[in-house]
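Structure record follows, encoded as structure tokens.
The values are calculated or read from the model by the stated rules, or taken from the named source; none is laboratory data. These numbers come from a predicted model, not from an experiment. Glycine also receives a Cβ, built like all others from the backbone with ideal geometry; neighbour counts cover every protein chain displayed.
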Amino acid sequence: NENRMIVAIDTRRMDTIEWINEKDRRVCVQAGITGTRLEELLEEKGFTVGHEPDSIELSTLGGWIATNASGMKKNRYGNIEDIVENITMITPKGDINQVKPLTRASIGMKPQNLLFGSEGNFGIITKAILKIHKIPEIQKFNSAVFPDWKTGVDFMYELSHTNFIPASARLVDNVQFRFGQTLKVRPQGFDKLIEDIKKFMVLNVKGFDPYQMVAATFKMEGSREEVDYQEKNIARLTKKHGGLVGGAENGKRGYMLTFAIAYVRDFLTDYNVIGETMETSVPWSKIHQVCEAATKRLFDLHEQHEIPGRPYMSYRIPQIYHTGVCIYFMLGMSVKGVNNAADLFSSMEHSIRDAIMENGGSISHHHGVGKLRKDFMSNTLSPASIDLLKQIKQSHDPNNIFGIRNNVFTD
């Protein structure tokens, strides 16, 4: 319903490092830079930011801040709010930034904290100061398999409360595990022999059911001593929970598969398959309840609307915290011959999100709210909280120049 002229701004040419302070381990970067280019430029000097979202090839620093993003190596480097020390945003009333960025300062409320998750409603993020780290001495993958989802979750719970958590620790359910197996290159010769021996160990010696077993993948980074401790901790906990260590190659394959999911989704669109992902934050005590509720809602809706075939639903835990996890759902269905398929899928997705929140999940862990999830905000923030955000918006953008209408900003 916008009657004014609309201007879309592309920041991709704002993609350079303005300065780097190697002693203080800080870098000032323009906000249009993609994750891949940022890491390439820093690697030349022996540094890394360590923020590695699935979308690292295409997503930008400004986008990470605007959506309050999370990366796969969060356990070592933190989420975006832990990585960024200062932000510059241009608004109709002037620049928002901290004039003297410090490691930490007790200066009252920090306006720049409001910019995380601002989703384009307040202004344009132009640059940010980030923490950087020396490229780690060792980068190593590993993996483990467990007899079922519950056992895998128990393993992740115990791992999260140790002091030796890998940079990335992820658990995939059986459906996603089998999906990953179908994308593997078929081994030949000696590699096939080794693969057959591993399969024999898992299925015959350990007695795992191939339609129940789950897998965990790990990426470890740090000094040789750190990585050795992490690897021993993984082996100890895997054995304790009746699992089997799967090795580096499987760990690397599982980790890299994450970057391919969006391309697989787009490829399947040409074959009348609609797919999407959604994620949520969940307390440890609600994991199974949320997964079961979301899966049941999808299958019930699929049957209710008499959609042909069988829907696809899988989930994984890509991030672990002291008090809970992020659960990442992948869902899809064939819509060949289905009328208004996109609208139907959108309504189903909305209902599944309802089921997630009704059973203890959050509106989002790192994808943000935007327009698709704005209807859920009244169940997420109190009326006074929403009013506070709107008043801040009104004070700095009274004419609603940044009228993208994401999140709670509907007017």
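Looking only at strands (runs of 3 or more DSSP E) that fall completely inside the range 273-345, which ones have 3 or more residues that are closer than 29 Å to Met156 by Cβ and in contact with a Pro (Cβ under 7 Å, 6 or more places away or on another chain)?
The qualifying strands (runs of 3 or more DSSP E) are 324-334.
Assigned by TED's automatic domain parsing to the domain that holds Gly78, in a loop (DSSP other than H, G, I, E, B) and within 27 Å of the chain's Cα centre (by Cα): does that describe Gly108?
no
Please give the number of the condition Thr91 fails out of (1) within 23 Å of Gly50 (Cα to Cα); (2) in contact with a helix residue (DSSP H, G or I) (Cβ under 8 Å, 6 or more places away or on another chain).
(1)
One line per residue, one yes/no per condition, for (1) in contact with a Lys or Arg (Cβ under 8 Å, 6 or more places away or on another chain); (2) modelled with pLDDT under 95; (3) polar (S, T, N, Q); (4) under 24 Å from Phe402 (Cβ atoms):
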{"site": "Asn1", "(1), (2), (3), (4)": "no, yes, yes, yes"}
{"site": "Arg4", "(1), (2), (3), (4)": "no, yes, no, yes"}
{"site": "Trp19", "(1), (2), (3), (4)": "no, no, no, no"}
{"site": "Lys23", "(1), (2), (3), (4)": "no, no, no, no"}
{"site": "Arg26", "(1), (2), (3), (4)": "yes, no, no, no"}
{"site": "His51", "(1), (2), (3), (4)": "yes, no, no, no"}
{"site": "Thr60", "(1), (2), (3), (4)": "yes, no, yes, yes"}
{"site": "Ile65", "(1), (2), (3), (4)": "no, no, no, yes"}
{"site": "Asn68", "(1), (2), (3), (4)": "no, no, yes, yes"}
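Across the range 2-24, what is the total count of residues that are within 30 Å of His133 (Cα to Cα) and either surrounded by 10 or more Cβ atoms within 10 Å (Cβ to Cβ) or more than 25 Å from the chain's Cα centre (by Cα) (or both)?
Residues in the range 2-24 being within 30 Å of His133 (Cα to Cα) and either surrounded by 10 or more Cβ atoms within 10 Å (Cβ to Cβ) or more than 25 Å from the chain's Cα centre (by Cα) (or both): 14 in total.
Would you confirm, using the coordinates I've provided, whether Phe164 is assigned to a loop (DSSP other than H, G, I, E, B), in contact (Cβ under 8 Å) with a residue 24 or more places away in the chain and more than 22 Å from the chain's Cα centre (by Cα)?
Answer is no for this residue.
What do you reckon, is Glu43 over 21 Å from Gln139 (Cβ atoms) and of a type in the set (Asp, Glu)?
Taking the combined requirement at face value, the residue does not satisfy it.
Residue-by-condition table, conditions (1) within 27 Å of Ser168 (Cβ to Cβ); (2) surrounded by 15 or more Cβ atoms within 10 Å (Cβ to Cβ); (3) touching a residue at least 60 places away in the same chain (Cβ under 8 Å):
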| site | (1), (2), (3) |
| --- | --- |
| Gln304 | no, no, no |
| Ile307 | no, yes, no |
| Pro311 | no, yes, no |
| Arg316 | yes, yes, yes |
| His350 | no, no, no |
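With (1) crowded, with 20+ Cβ neighbours inside 10 Å; (2) in contact with a helix residue (DSSP H, G or I) (Cβ under 7 Å, 6 or more places away or on another chain) as the list, and His322 as the residue in question, which single condition is left unmet?
Tallying (1) crowded, with 20+ Cβ neighbours inside 10 Å; (2) in contact with a helix residue (DSSP H, G or I) (Cβ under 7 Å, 6 or more places away or on another chain), His322 fails exactly one: (1).
Only one of these conditions is not met by Glu231: (1) assigned to a helix (DSSP H, G or I); (2) at pLDDT below 95. Which number is it?
The single condition Glu231 does not satisfy is (2).
Determine the pairs where a residue that is assigned by TED's automatic domain parsing to the domain that holds Pro318 and of a type in the set (Phe, Trp, Tyr), located within the range 211-233, has a partner that is assigned to a strand (DSSP E or B) and crowded, with 24+ Cβ neighbours inside 10 Å with Cβ atoms under 7 Å apart, the partner being 6 or more residues away or on another chain.
none
Yes or no, residue by residue, for (1) more than 19 Å from Pro111 (Cα to Cα); (2) within 23 Å of the chain's Cα centre (by Cα); (3) of a type in the set (D, E, K, R); (4) not in a helix (DSSP H, G or I):
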| site | (1), (2), (3), (4) |
| --- | --- |
| Gly360 | yes, yes, no, yes |
| His365 | yes, yes, no, yes |
| Val369 | yes, yes, no, yes |
| Ser378 | yes, no, no, no |
| Ala384 | no, no, no, no |
| Leu388 | no, no, no, no |
| Gln391 | no, no, no, no |
| Asn399 | yes, no, no, yes |
| Asn406 | yes, yes, no, yes |
